[in-house]
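To keep things clear, I will list the structure first and then write my remarks on it.
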Amino acid sequence: MSIIKVMLRGASPILKSRQGFTLVESLISILLIALMAVTSEGLIAYFAKYTKQDLTSDCLLQAASSGIEAKRANPAVSSIQLICAGQTVHVSMTGNPPSMTPLMGSGTSACADVVSTSTLGSRTMEMRDKICNFPEG
């Protein structure tokens, strides 16, 4: 029991201490919070930049794909404009797929290369595909 009393006597000044934070401790904690805020802001700006670039790349890819599909649906179309993420994407298509199915054995290909180029600002993306007109049945 005497050991417990000695331990309690030694702990009582610590438990009864009513001192608050000192000015130095407060300044250090403010400095640490400010450093964390500055590094967090840098990370947010970094990720925002690359998220915008990824969004632009996705818009260009989708627009180029839409250009291929537009050419497949109507071989006469040569350009379209799309709105993606609030921005206008210009798409131009080259290549003329056959409008009629070639006769079997004629040696004429039923497929043609089509190139769709999408442009947004200074960035471009090109997509190539073959559009075919095969006989049905």
Next item on the list: Any residue in the range 67-92 that's touching a residue at least 60 places away in the same chain (Cβ under 8 Å): show its pairings with residues that are exposed (fewer than 12 other Cβ atoms within 10 Å of the Cβ) at Cβ separation under 6 Å, as long as the two are six or more apart or on different chains.
Entry: none
Notebook entry, point to check: With respect to A64, is the statement that it is in contact (Cβ under 8 Å) with a residue 40 or more places away in the chain and small (G, A, S) true?
Noted result: yes
Margin query: So in the range 16-55, with the set limited to residues that are hydroxyl-bearing (S, T, Y) and more than 30 Å from A85 (Cα to Cα), which one is surrounded by the fewest Cβ atoms within 10 Å (Cβ to Cβ)?
Written below: S17
Checklist line | Single residue of V89, V38 found to be of a type outside the set (S, T, Y) and assigned to a strand (DSSP E or B) | finding: V89
Next item on the list: Name every residue in the range 58-86 that is in a helix (DSSP H, G or I), polar (S, T, N, Q) and more than 13 Å from L120 (Cα to Cα), in order of residue number.
Entry: S65, S66
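Residues checked against (1) hydroxyl-bearing (S, T, Y); (2) within 23 Å of the chain's Cα centre (by Cα):
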residue: L32; (1), (2): no, no
residue: I44; (1), (2): no, yes
residue: N74; (1), (2): no, no
residue: M93; (1), (2): no, no
residue: N96; (1), (2): no, no
residue: S118; (1), (2): yes, yes
residue: F134; (1), (2): no, no
Check: Can you tell me which residues in the range 56-79 are at pLDDT 90 or above and surrounded by fewer than 18 Cβ atoms within 10 Å (Cβ to Cβ)?
Finding: S57, D58, L61, Q62, S65, E69, V77, S78, S79
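The values are calculated or read from the model by the stated rules, or taken from the named source; none is laboratory data. These numbers come from a predicted model, not from an experiment. Glycine also receives a Cβ, built like all others from the backbone with ideal geometry; neighbour counts cover every protein chain displayed.
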